[in-house]
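**Student:** Questions regarding the structure given below will be posed in turn.
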Amino acid sequence: MKAAVIGAGGYIGGELVRLLLQHPHLELAQATSTRHRGRLLSAAHPNLRDQSDLCFVTEDEVGPCDVLFLAMPHGAAAKSVDRWSALAPRVVDLSADFRLADPVVRERYYSGAAPDPAWQSRFRPGIPELHRERLRGAGHIAVPGCMANAAILALHPLAAAGLVEGPVLVDARTGSSGGGRTPDQGSHHPERSGALRIAKPHGHRHTAEIEQSCGVPVRMTVTAVEAVRGVQAVLHITPARPVTERELWAVYRAAYRQEPFVRLVRERSALHRIPEPKILSGSNFCDIGLSLNSAGDHLIVVAALDNLVKGGAGNAVQCVNIASGWDERAGLRFAGLHPA
């Protein structure tokens, strides 16, 4: 099957290109970048030197294909979804345009016009661990945000089991690549290096995604850290009743025992006993660990992932694998690096 990536010059787009070049069932046929038109993929992504003879094209030059990945700025996909859907039977959006089902909630968190309700209803949520059956055969998929995905995977099993007394505090840390490739004052090296900048103390956009998926109230803060890649979400949860660590792990095992890309971290004394995004660089894994106080009434759950892979491009490929009936691990078996 032939695939195209719209917005392939960015960081998420580059990861899509990298993953598709090694995918056993998908052939990267087109990749767009107005800035790099006519140049090899390595002009934007030097790690791809000698990996492909493909050159960037503009969006106007994109032709029909089987799968279309939209790695575009927020707002762009909703405006052009008719065009892209006419070119491919399967469209995967990695922006926020189709993530929120409730238009009232969307208006609270995002400016600009809401997507056409008819199109909104076609997009299925791109969280395989929660919506695998809905993804089978899906023609339109909306991939969640990176920090939202980590928090959802950490919180959902407990919320579904009725063990959460809200609100839940989500304290997320994110590397600089989460801000995208286009620089601004906040991403300027002298301003960011060595800083621990709280991006949005209240009303972060990912809050709505977490609440939509988990059904419990959430309070979220996001801190920009020195790392380039990675998300670490630390959730402070008040259990609905006193619980034991054994009971909690049983809930997580039941939820994720068969999941190929969720790993439960239970080491008690190892250096990496708390999930660490650094060792997940380049991988499609989400690691989850927890700590419970002695009274059983305060729980900390930690989830870590690579924001560009399980938080974006890798999750999108995993969704396409499921929708197409392939092994969902296809093209996603890279284990990460250590040390990195």
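**Student:** Does residue 77 satisfy the condition of being under 21 Å from the mean Cα position of the chain (by Cα) and under 25 Å from residue 21 (Cβ atoms)? Reasoning before the result, please.
**Tutor:** Values: under 21 Å from the mean Cα position of the chain (by Cα): yes; under 25 Å from residue 21 (Cβ atoms): yes.
In short, yes.
**Student:** Run residue 290 past the list (1) open to solvent by 60 Å² or more (accessible area, probe 1.4 Å); (2) assigned to a strand (DSSP E or B); (3) not β-branched (Val, Ile, Thr) and report the number of the one that doesn't hold.
**Tutor:** With respect to (1) open to solvent by 60 Å² or more (accessible area, probe 1.4 Å); (2) assigned to a strand (DSSP E or B); (3) not β-branched (Val, Ile, Thr), residue 290 is out only on (1).
Okay, residues lined up against (1) over 15 Å from the mean Cα position of the chain (by Cα); (2) open to solvent by 50 Å² or more (accessible area, probe 1.4 Å); (3) closer than 21 Å to residue 252 by Cβ:
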site	(1), (2), (3)
131	no, no, yes
141	no, no, no
183	yes, yes, no
186	yes, no, no
191	yes, yes, no
221	yes, no, no
224	yes, no, no
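**Student:** Got a number for residues in segment 229-254 being among the aliphatic types (A, V, I, L, M) and open to solvent by 40 Å² or more (accessible area, probe 1.4 Å)?
**Tutor:** 3
**Student:** Turning to a different aspect of this structure: Cβ contacts < 6 Å: first residue over 20 Å from residue 149 (Cβ atoms), restricted to segment 112-138; second residue basic (Lys, Arg) and at pLDDT below 95, any location; separation 6+ or different chain. Result?
**Tutor:** That search, which allows pairs on different chains as well, returns 114/106.
**Student:** Taking into account only those residues within segment 306-340 that are among the polar types (S, T, N, Q) and not in a loop (DSSP other than H, G, I, E, B), which is surrounded by the fewest Cβ atoms within 10 Å (Cβ to Cβ)? Break it down into steps so the answer makes sense when it comes.
**Tutor:** So in segment 306-340, the residues among the polar types (S, T, N, Q) come out as 307, 315, 318, 321, 324.
In the following step, the residues that additionally are not in a loop (DSSP other than H, G, I, E, B) were identified as 315, 318, 321, 324.
Details: 315: 27, 318: 28, 321: 21, 324: 19.
Per the criteria, the residue is 324.
**Student:** Then there's this: Looking only at segment 26-54, count how many residues are assigned to a loop (DSSP other than H, G, I, E, B) and within 20 Å of residue 310 (Cβ to Cβ). Can you show your working first?
**Tutor:** Narrowing segment 26-54 to residues assigned to a loop (DSSP other than H, G, I, E, B): 26, 33-39, 44-45, 49-54.
Next, only the ones that are within 20 Å of residue 310 (Cβ to Cβ) stay: 26, 45.
Within segment 26-54, residues that are assigned to a loop (DSSP other than H, G, I, E, B) and within 20 Å of residue 310 (Cβ to Cβ) number 2.
**Student:** Does residue 217 satisfy the condition of being loosely packed, with under 15 Cβ neighbours inside 10 Å and either closer than 25 Å to residue 125 by Cα or free of Cβ contacts under 8 Å to residues at least 60 places away in the same chain (or both)?
**Tutor:** Details: loosely packed, with under 15 Cβ neighbours inside 10 Å: yes; either closer than 25 Å to residue 125 by Cα or free of Cβ contacts under 8 Å to residues at least 60 places away in the same chain (or both): yes.
So residue 217 passes the test.
**Student:** If you don't mind, another one. Starting from residues that are open to solvent by 80 Å² or more (accessible area, probe 1.4 Å) and out of contact with any Phe, Trp or Tyr (no Cβ under 6 Å at 6 or more places or on another chain), keep the ones in segment 24-38 and report whichever is nearest to residue 52 (Cα to Cα).
**Tutor:** 27
**Student:** Quick one: in segment 280-318, of everything that is β-branched (Val, Ile, Thr) and in contact with a strand residue (DSSP E or B) (Cβ under 8 Å, 6 or more places away or on another chain), which residue is farthest from residue 95 (Cα to Cα)? Let's see the steps before the verdict.
**Tutor:** Here is the first cut: in segment 280-318, the residues β-branched (Val, Ile, Thr) are 288, 300-302, 309, 317.
Subset that is in contact with a strand residue (DSSP E or B) (Cβ under 8 Å, 6 or more places away or on another chain): 288, 300-302.
Working: 288: 25, 300: 29, 301: 26, 302: 25 Å.
Restricting to residues being β-branched (Val, Ile, Thr) and in contact with a strand residue (DSSP E or B) (Cβ under 8 Å, 6 or more places away or on another chain), the top hit is 300.
**Student:** Going through segment 197-214 one residue at a time, which ones are out of contact with any helix residue (DSSP H, G or I) (no Cβ under 6 Å at 6 or more places or on another chain) and either modelled with pLDDT of 95 or more or surrounded by 17 or more Cβ atoms within 10 Å (Cβ to Cβ) (or both)?
**Tutor:** 204, 207, 211, 212
**Student:** Here is a further query. Report whether or not residue 70 is under 16 Å from residue 313 (Cα atoms), in contact with a helix residue (DSSP H, G or I) (Cβ under 6 Å, 6 or more places away or on another chain) and at pLDDT 95 or above. So that I can check it myself, show each step before the final result.
**Tutor:** Details: under 16 Å from residue 313 (Cα atoms): yes; in contact with a helix residue (DSSP H, G or I) (Cβ under 6 Å, 6 or more places away or on another chain): yes; at pLDDT 95 or above: yes.
The answer is yes for residue 70.
**Student:** Hey, another quick one. From the list 136, 90, which residue is of a type outside the set (Asp, Glu), closer than 27 Å to residue 15 by Cα and surrounded by fewer than 17 Cβ atoms within 10 Å (Cβ to Cβ)?
**Tutor:** Details: 90 fails: surrounded by fewer than 17 Cβ atoms within 10 Å (Cβ to Cβ).
Being of a type outside the set (Asp, Glu), closer than 27 Å to residue 15 by Cα and surrounded by fewer than 17 Cβ atoms within 10 Å (Cβ to Cβ) holds for just one of 136, 90, which is 136.
**Student:** Could you tell me which of the residues 3, 43 is out of contact with any Lys or Arg (no Cβ under 7 Å at 6 or more places or on another chain), surrounded by 15 or more Cβ atoms within 10 Å (Cβ to Cβ) and without any contact (Cβ under 8 Å) to a residue 24 or more places away in the chain?
**Tutor:** Working: 3 fails: without any contact (Cβ under 8 Å) to a residue 24 or more places away in the chain.
Residue meeting the stated conditions: 43.
**Student:** So the check is Cβ under 6 Å with 6+ separation or different chains; which pairs have a first residue in segment 319-340 that's more than 15 Å from residue 92 (Cβ to Cβ) and a second one that's surrounded by 19 or more Cβ atoms within 10 Å (Cβ to Cβ) and β-branched (Val, Ile, Thr)?
**Tutor:** From segment 319-340, the pairs are 336/279; 338/279.
**Student:** Can you work out which of the residues in segment 166-181 that are open to solvent by 40 Å² or more (accessible area, probe 1.4 Å) and modelled with pLDDT of 95 or more is nearest to residue 74 (Cα to Cα)?
**Tutor:** Selected residue: 173.
**Student:** Assuming residue 55 fulfils every condition listed in (1) touching a Leu at 6+ places or on another chain (Cβ under 9 Å); (2) within 12 Å of residue 9 (Cα to Cα); (3) surrounded by 17 or more Cβ atoms within 10 Å (Cβ to Cβ); (4) not aromatic (Phe, Trp, Tyr) apart from one, which condition is it?
**Tutor:** Result: residue 55 passes all but (3).
The values are calculated or read from the model by the stated rules, or taken from the named source; none is laboratory data. Treat the numbers as computed from the prediction; the structure is a model and nothing was measured. Cβ atoms come from the backbone with ideal geometry, glycine included; neighbour counts cover every protein chain shown. Accessible surface areas use protein heavy atoms only, side chains included; no ligands, DNA or RNA. Shrake-Rupley method; radii C 1.70, N 1.55, O 1.52, S 1.80 Å.
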